[in-house]
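Read the structure below first, then the notes.
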Amino acid sequence: MITIEKYNLERKSEVDLLCVKPEQQAFTVGDIGDFISSLKSHEHPYLIISDGNVVGFFVLDFLYTETYGFGDAKALGIRALFVDHHFQGKGIATKALNLLPSYVVTHYPDFEVLQLTVNCRNTFAYSCYCKCGFEDTGNLYLGGPFGPQHIMQRNIRFD
């Protein structure tokens, strides 16, 4: 069973063990502890839990539109999403991403769109996001440290 949980210090030792495959490191946050300690108040860390264990991580960025200068004012940003290399290929990211719209609607009702960027070379993640209902906007974000990134979004309200 996959669930989403806010990061808390009780889970720090589990989170510190998360890592990706060497070829994926360019697309991730580096040292997770340093990354978490550098987050600003509008960047909230979350955990992906599988059967009670921490298997992944992501950030919800409440000022995503203002920070990156694209998108809708009602967009909630997803950043730094990854699943530990031991748990990849099991559909965990897909399940977590499919849980996210209802989680956001329930806990953050002011948002209407989920938005993220994915490196153009990270075809596996791009395919995963497409499978989860994210659409490529056709625009690129050029401010990433490892080259251009697709800007993708998913509507979470259809009323």
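Kindly put 124, 87, 134 in sequence by how many other C-beta atoms sit within 10 Å of each C-beta, fewest to most.
Fewest-to-most ranking of 124, 87, 134: 124, 87, 134.
Given N residues in the chain, what is its alpha carbon radius of gyration divided by 2.2 N^0.38 Å?
Ratio of Cα Rg to 2.2 N^0.38 Å: 0.97.
Please work out how much length the chain gains when fully extended from residue 90 to residue 1, using 0.36 nm per residue of separation minus the C-alpha to C-alpha distance, in nm with one decimal.
My answer for the length gained is 30.9 nm.
Please tell me the relative contact order of region 120-159 in percent, rounded to the nearest whole number, where contacts are Cα pairs under 8 Å and at least six residues apart.
36 percent
Using a Förster distance of 30 Å, how high is the FRET efficiency between residue 135 and residue 41, based on the Cβ-Cβ distance and rounded to 0.05?
Here the calculated transfer efficiency is 0.50.
In percent, what relative contact order does the chain have, based on Cα pairs under 8 Å that are 6 or more apart in sequence?
This gives 20 percent for the chain.
Each value in this text was obtained by applying a stated rule to the coordinates, not by laboratory testing. Keep in mind that this is a model prediction, so the values were computed, not measured. All Cβ positions, glycine included, derive from the backbone under ideal geometry; neighbour counts span all protein chains shown.
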